[in-house]
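Participant: Below: one structure in structure tokens.
The values are calculated or read from the model by the stated rules, or taken from the named source; none is laboratory data. This one's a predicted model, so the numbers in the text were calculated from it and none came from an experiment. Cβ sites come from the backbone with ideal geometry, for glycine too, and all protein chains shown count toward neighbours. Areas reflect the complete protein model, heavy atoms only, side chains present, ligands, DNA and RNA absent. Shrake-Rupley method; radii C 1.70, N 1.55, O 1.52, S 1.80 Å.
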Amino acid sequence: MAGFSVEGIHFSLAYSDYVDRELVDTTEIIFRRSLAPSQLLKRKQGFEEEEQTQHKRKQKLKCDPAEDVPDRPVLAPLSTQDNCGSFNLSAHEALIRKILAKPFKVPLPNYQGCTYSRGLGIKRKGPRRALHDPYEENALVLYSPPELTAHEKLTAALESQEVHVVVDPVLGKILRPHQREGVKFLYDCVTGERIEGSYGCIMADEMGLGKTLQCITLIWTLLKQGPNGQPITNKVIIVAPSSLVKNWHNELHKWLSGRISALAIDSGSKDEIDKKLGMFMSQQERRTTYPVLIISYETFRLHASVLHTGPVGLVICDEGHRLKNLESQTYLALDKLKTTRRVLLSGTPIQNDLLEYFSLVHFVNGGILGTVSEFKKKFETPILRGRDADASDADHKKGAEKLAELASLVNKCIIRRTATILSKYLPVKVEQVVCCRLTPLQTQLYKLFIQSKALRMELVKSKSGSGISASSLAFITQLKKLANHPELIYDKARTVEEGFEGALELFPQNFSLKQLQPDLSGKSMQVLDYILAMTKSTTTDKVVLVSNYTQTLDLFEKLCRLRRYQYVRLDGTMSIKKRQKIVDRFNDPHGSDFVFMLSSKAGGCGLNLIGANRLVMFDPDWNPANDDQAMARVWRDGQKKKVFIYRLLSTGTIEEKIFQRQAHKKALSSCVVDEEEDVERHFSVGELKDLFRLNEDTISDTHDKFRCRRCVNNSQVRPPPDGSDCSADLSQWHHSSDPKGLEDILLKGAWSSGVTFVFHHKSHEKQLGL
């Protein structure tokens, strides 16, 4: 035995392991001796003798290498010797052995061995096959290839035949019926099946119907499949409000369980963002690590030059009503994106006028409605004239005709489903519009302000044709704040600003900004205070408080501290990363937070606040979309409790005028988008401009303008029509001038705190199942 040591480890080798009899020459085999301490110690203790023995064997091999090394027999080949060997085979035996000696054959149909060394990724020959089985039960087939005739089947090339496009069963099995319909609509639009030469569409479903899931299904399908067996696209951009960037990333992971890698950009320096966007745009075909980019509107606009450097397969714009202005920088930046497939998501496509609607349609399918001037002349002017309450029969008829023509043009690229579909899956929602009386202090301050010299001069300017100035808007804002609570205009009164001369004298002598006085405001600190107290003491419900002003949120905080309610607050000052944390904290059923304060301008879109089932919309916004978005935060998938919505309005004030303006806009939206022809024309344009007037002699200015035929002396004598719900026109709701007809027990108790009139209705009669 020979041995050697490597790093202190001794190895023993048989001589035959490294010496071949025919190759040994006189060269001495030399091994390096280990200098490890353990080996040195062994040598000192008697291993010198073994080394001497090995040395003698080496010397002996030099003299007679054949000695002591036995001859090895030559190995026979694995195959049996042929007839020329030491024995002969019969003809039969030779034949059988020849047959069995054939090389291995791959057991695949039509397989032919490759002529080069590549062993993996062998392309199977034959007809193309769909990625998923189109004949599986409940399979959602988005595209079916045309049937081939018998002759075409014989002559057509198998490798070029089209295949079915089938939604991945992972997603297909969880889609609800209306969502399956939506995915099919989206696919047909972006592939040009619905409008030849146009590849865009608008999904105008109301909030809560799962627009996000439908778009994720579309994205996953286009990235993996196509009629020709190849993916339709390899890059997708999702543009969303900054507060929803992380939400989109989470939803992709939730539904696809990590099958797709998305690049979400919501923060970072300019150079960092440019580098990430450049990496995304440089990806090619199959070598796409991040096929989906999620980016905010603001970041897209600032870094648009990088995203314009190459083509993109699909762009999805969430909360797409942000693109209502044709001349905005965001609109122009997105419009220059090199893609024809454009999907716009918006639960409220019409917010202020038809021109905004034109902007959205023009973005996804440019040219189908003509130019801006052509659209105004052909559609906008006659439709609006026909919608006015003072319109003649001829104007109304012409407006209806133009409305039908417009609907026929856009119906192919817009899909709209209302929240009534959710009645199958969600608990009952009770929506209530609550008119609240002003307190004596609010009434005095309101009358002082609208009779002031500064306001009268401003109204004269507006009537002269100069339009609504910045000063007029400032006056409107102050009236809205006064309707919330006198504290919000106290600083103006103390500094004696225009319109507030003498206002400070009307405040009580003990008034202080440090301590909240609930009895000074009708709706905010009397009706709201009662609802919160009863909710806290008699139920396990949580409450969301929504306002357009952060100053009002400050009042909510004072009230919560006064009553020792635990609360969380989300407004524009909170970072995007912190928002989801406080939402999760509030939604925790074991959490101790009772009130969630929300700024409708900062966080009304996309948030899921199903931890609460009561929502108070404290003040109305000019844009009905903002209010609708905020109110949809609690009635969503995952909600298990009966939902109560409270919309608080100060009776006879500018708040009712704003609410009436919302009704006018909603009527326009339902005509164009929902195609409802029977929406009643309640308000003239002249009435809507009458903002600076206080109606002290009414219990509801809005109900007075309805010219309601179901009520006598403000008391309802006929119920709403069959089939109506809270998505119907307000004139088809329940009208209550007393608490008897109310379903909400808490609101009944709050009536004596200052409620004058309530409009209320349900989403559906009974819960059909979750």
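Participant: On a 27 Å Cα-Cα criterion, which of the cross-link pairs Lys377/Lys412; Lys254/Lys336; Lys578/Lys657 come out too long?
Facilitator: Beyond 27 Å: Lys254/Lys336; Lys578/Lys657.
Participant: Taking the highest mean first, how do the peptides 634-647, 486-499 order by number of other beta carbon atoms within 10 angstrom per residue?
Facilitator: Output ranking for 634-647, 486-499: 634-647, 486-499.
Participant: Give me the percent of accessible area attributable to carbon and sulfur for the stretch 279-400, probe 1.4 angstrom.
Facilitator: The value for the stretch 279-400 is 49 percent carbon and sulfur by accessible area.
Participant: What are the ³J(HN,Hα) couplings of the stretch 549-566, residue after residue, when phi is run through the Karplus curve with 6.51, -1.76, 1.60 and θ = phi - 60°? Round to Hz, x for glycine and proline.
Facilitator: Residue by residue, the stretch 549-566 yields 10, 5, 4, 5, 4, 4, 5, 4, 4, 4, 5, 5, 5, 5, 9, 6, 8, 7 Hz.
Participant: Then there's this: Please give me the summed charge of the neighbours of Glu147: other residues whose Cβ is under 12 Å from its Cβ, Lys and Arg +1, Asp and Glu -1.
Facilitator: After counting each charged neighbour, the total is -1.
Participant: Within the stretch 303-333, find all residues whose amide N lies under 19 Å from a label point positioned 7 Å from the Cα of Ile368 along Cα-to-beta-carbon.
Facilitator: 314-326
Participant: Using the heavy atoms of the protein chains alone and a 1.4 angstrom probe, what is the accessible area of the stretch 205-251 per residue in square angstrom?
Facilitator: In whole numbers, the stretch 205-251 has 24 Å² accessible per residue.
Participant: For the pairs Lys453/Lys601; Lys184/Lys581; Lys211/Lys424; Lys429/Lys581; Lys492/Lys558; Lys173/Lys542, flag any whose C-alpha to C-alpha distance is greater than 24 Å.
Facilitator: Beyond 24 Å: Lys453/Lys601; Lys184/Lys581; Lys429/Lys581; Lys173/Lys542.
Participant: Could you tell me what fraction of 2.2 N^0.38 Å the Cα radius of gyration of the stretch 530-616 comes to, as a two-decimal ratio?
Facilitator: 1.01
Participant: Using DSSP to define loop residues, name the trypsin sites (Lys or Arg not before Pro) in the stretch 540-635 whose beta-carbon has at most 11 other beta-carbon atoms within 10 Å.
Facilitator: Arg564
Participant: With a ≥ b ≥ c the root eigenvalues of the C-alpha gyration tensor of the stretch 305-428, is it rounded (a/c under 1.5), prolate (a/b larger than b/c) or oblate?
Facilitator: Oblate shape, in that a/c is at least 1.5 and b/c is the bigger or equal ratio.
Participant: Hey, rough spin-label estimate for Ser408 and Val712, points 7 angstrom out along Cα→Cβ, what's it come to in nanometres?
Facilitator: Taking the simple label geometry, Ser408 and Val712 are separated by 4.6 nm.
Participant: Hey, what do the phi angles of the stretch 648-658 turn into as Karplus ³J(HN,Hα) couplings, whole Hz, using 6.51/-1.76/1.60 and θ = phi - 60°, x for Gly and Pro?
Facilitator: For the stretch 648-658, the Karplus curve yields 8, 10, 7, 4, x, 9, 4, 5, 5, 5, 5 Hz.
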